[in-house]
Amino acid sequence: MAAPEYGVVLESGAVRFERLLPGPIERVWAYLTESDKRATWFCGGEAEPRDGGHVALFFKHSQITKEPPPEGARKMNDEGALMGGTITAWEPPHRFAFNWVGMGDPDSDVEFVLSQAGDKVRLVLTHRRLATKDRMAMVSSGWHLHLGLLEDQLTGSKPRGFWSLHEALKAEYAERQKGAEA
């Protein structure tokens, strides 16, 4: 059985993560949907709060980690990279989903579902339509690290590493997902 922090392959080209986070649920929702809060653990960018609205995804990793990036990520880390998508579900404070454009061909789909779990909030993240094994491993390792940073934000902990862990974690996910179809 996979350790709870690891994403699991659901089907060809789909990975799912689950985390128990400190609430309340409205606070976790804000960290998923409000640009300034989302920028502390994943990426900034405004989201039109409605089904069919636009979501901007502005990645500037120097905002989430002080670690030096690998050379291939330096421009995105230092200057930022803008991607986006269309919101496919906006159901505050329980469900936020969007089609992600600009990460590669084909586009992919991301869904966050929040629910109460006692005094915690259960976050279930599913990312679908990941076309290759390399993209599955890259996305899985990225979400693994970003969700850890979200947990750090919500608990007030010092943010954990990102770049120092990314390549090794990507290789670990590639090995874990070896038998899965992309």
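The values are calculated or read from the model by the stated rules, or taken from the named source; none is laboratory data. Nothing here was measured: the structure is a model prediction, and the numbers come from that model. Note that each Cβ is placed from the backbone with ideal geometry, even for glycine, and that neighbours are counted across all protein chains shown. The area values use the complete protein model at the heavy-atom level, side chains included, leaving out ligands, DNA and RNA. Shrake-Rupley method; radii C 1.70, N 1.55, O 1.52, S 1.80 Å.
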>> Given the criteria touching a helix residue (DSSP H, G or I) at 6+ places or on another chain (Cβ under 6 Å), crowded, with 18+ Cβ neighbours inside 10 Å and among the aliphatic types (A, V, I, L, M), does residue 30 qualify?
In response: no
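Each row is one residue, and each column tells you yes or no for (1) out of contact with any helix residue (DSSP H, G or I) (no Cβ under 6 Å at 6 or more places or on another chain); (2) not small (Gly, Ala, Ser).
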| position | (1), (2) |
| --- | --- |
| 34 | yes, yes |
| 46 | no, yes |
| 50 | yes, yes |
| 63 | yes, yes |
| 69 | no, yes |
| 77 | no, yes |
| 81 | yes, no |
| 88 | yes, yes |
| 93 | no, yes |
> Going through region 33-51 one residue at a time, which ones are assigned to a loop (DSSP other than H, G, I, E, B) and open to solvent by less than 70 Å² (accessible area, probe 1.4 Å)?
Replying inline: 39, 40, 41, 42, 43, 45
> Scanning region 52-69 for residues that are in a loop (DSSP other than H, G, I, E, B) and over 20 Å from residue 110 (Cα atoms), which turns out most open to solvent (accessible area, probe 1.4 Å)?
Replying inline: 66
> Which members of region 45-61 meet the condition of being of a type outside the set (Phe, Trp, Tyr) and under 17 Å from residue 83 (Cα atoms)?
Replying inline: 45, 46, 47, 48, 52, 53, 54, 55, 56, 57, 60, 61
> Could we say that residue 98 is under 16 Å from residue 25 (Cα atoms), at pLDDT 95 or above and of a type in the set (Phe, Trp, Tyr) here?
Replying inline: no
>> With open to solvent by 10 Å² or more (accessible area, probe 1.4 Å), under 16 Å from the mean Cα position of the chain (by Cα) and without any contact (Cβ under 8 Å) to a residue 24 or more places away in the chain as the only criterion, which of 109, 78 stands out?
In response: 109
>> Any residue at all in region 163-176 that's of a type in the set (Lys, Arg), open to solvent by 70 Å² or more (accessible area, probe 1.4 Å), at pLDDT 95 or above and over 27 Å from residue 78 (Cβ atoms)?
In response: no
